[in-house]
Amino acid sequence: MIYLDTNSTTSLKNHKNLLAFSAGVDSSALFFLLIQEDIKFDIALVNYGLREEAEQEEAHAIELAKKYNLKIYTKKAPSFQNHFEKNARDFRYDFFDKLMLKNNYDNLLTAHQLNDQLEWFLMRLTKGAGTSELLGLEYISKRKEYRVIRPLLHHSKDELLNYLDKDHYPYFIDKSNLDEKYERNRFRKEFSNNLLMDYKEGIKRSFDYLREDKKILEGEYKELFHYKELYILSYKSTSSQIRIVDKYLKKLGYLLSASQREALKTTKSIVFGGVWAVEITENKIYLAPYKKTVMPKIFKEECRTLKIPSKIRAYVYSENLEPKALG
């Protein structure tokens, strides 16, 4: 029996929801489950124009929205010459971020499922990661000013496909998912599909146990201050520093590499990718966009007195925040 995660469903009721839709198996299954559950939502689709079916999929999404009286937002992506997976993800989430803010949506729904969870786990495992990083996908997580909800993490791809076929719901097969030039597809073909075929129930239970372990680990820190893309957190042990930084940068849309996590072991004031400033003090972690700007001496002196780290100050100043507010 196919069902939406109970906690996720509760979070969707009486809130304004936007579904990231592609017309593929996963998002189509989520679409019709939401209809069945009478959960109100609208849809957003990015057309990458890479396949002949892309225009058909967009037309299908528009027709579905019309049939079920939903708002639909579509956008055509530019042609990415390299690093397609990263650039496509950045473009997609920039589109979603703007829609969520402009239209006051509370929740972004994505159709990530058990196969996605396992693929992420295996990819991070091969690069070196801790418990929080290995788990990766959560049923409910915070991104900027809204929540990302993934109500299908407990169902595998074949379960969703069987659901669609049984009830004769329409969907498209994305042939690019078979292209092994993409790392995720290689992991899918070589490892995750075979593992789920033979050990699906055990893998489901393992992810449940990992989520419980993650809750315990994340009890080691507390969010003290949050404004837009600025976070200040307290932490209990030095062993949790990297895990906390990784989690919050991921929330901000930036994934740390293994070498960057290693750098955090020895460097407590660092800028990642020229974009994100991380400052770790004796009992706090500061994260903010890295900016360079001329600041008045009186402002810098106030920041120094309040022990606001130097790489954070320019963002505080550019956002017209009172340094005292960060306390």
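Taking trypsin sites (Lys or Arg not before Pro) across the range 211-258, the ones in a DSSP loop with at most 14 further Cβ atoms lying within 10 angstrom of their Cβ are K228, K236. Between the amide H of V148 and those of L108, S141, K142, R143, distances stay under 5 Å, these residues lying 5 or more places away or on another chain, with hydrogens modeled in the peptide plane.
For the range 6-211, the gyration tensor built on C-alpha atoms gives a rounded shape. Its axis ratio a/c (a ≥ b ≥ c) stays under 1.5.
Think of each Lys and Arg Cβ as +1 and each Asp and Glu Cβ as -1; about the Cα centre, that makes the dipole of the chain roughly 1520 debye.
With both residues required to sit in the chain, DSSP beta bridges show an antiparallel share near 60%.
In percent, how large is the relative contact order of the range 145-293, given Cα pairs closer than 8 Å and 6 or more residues apart? Normalised by residue count, the contact order of the range 145-293 is 15 percent. Annotation note: trypsin sites (Lys or Arg not before Pro) in the range 12-100 located in DSSP loop regions with a Cβ neighbour count of at most 15 within 10 Å are K13, K16, K40, R51, K71.
Ignoring the sites themselves, the chain has its longest run without GluC sites (Glu not before Pro) in a DSSP loop having at most 10 other Cβ atoms within 10 Å at 53-281.
Working note: 222 nm ellipticity from helices only, DSSP H runs with n ≥ 4, each -39,500 (n - 2.57), summed and divided by the residues of the chain, gives -13500 deg cm²/dmol to the nearest 500.
Summary of the geometry: the range 198-263 and the range 283-300, compared by the centres of their Cα atoms, lie 24 Å apart. With a ≥ b ≥ c taken as the square roots of the eigenvalues of the C-alpha gyration tensor of the range 211-327, please select rounded if a/c is under 1.5 and otherwise prolate if a/b is larger than b/c or oblate if it is not? Here the range 211-327 falls in the prolate category.
Remark: the range 115-179 carries a charge dipole of roughly 360 debye about the Cα centre, counting +1 on each Lys and Arg Cβ and -1 on each Asp and Glu Cβ. Using the Cα centre of the chain as origin and beta-carbon charges of +1 (Lys, Arg) and -1 (Asp, Glu), tell me which of N87, L161, L287 is placed farthest towards the positive end of the dipole. Checking the options against the dipole of the chain, the answer is L287. Helix 54-67 axis versus longest C-alpha principal axis of the chain: approximately 80°, rounded to the nearest ten.
Based on Cβ point charges of +1 for Lys and Arg and -1 for Asp and Glu, what charge dipole magnitude is obtained for the range 228-326 about its Cα centre, in debye rounded to the nearest 20?
100
Rounded, prolate or oblate, given the Cα gyration tensor of the range 104-193, with a/c below 1.5 counting as rounded? In terms of gyration-tensor shape, oblate.
Spatial offset of the range 178-194 relative to the range 76-132 amounts to 17 Å, using the alpha carbon center of each. Could you work out how far helix 84-102 tilts from the main Cα principal axis of the chain, as a 0 to 90 degree angle to the nearest 10? It is inclined by approximately 80 degrees.
A short reminder: the numbers here are calculations on the coordinates, not readings from a lab. Please read these numbers as outputs of a predicted model, since none were measured by experiment. Cβ sites come from the backbone with ideal geometry, for glycine too, and all protein chains shown count toward neighbours.
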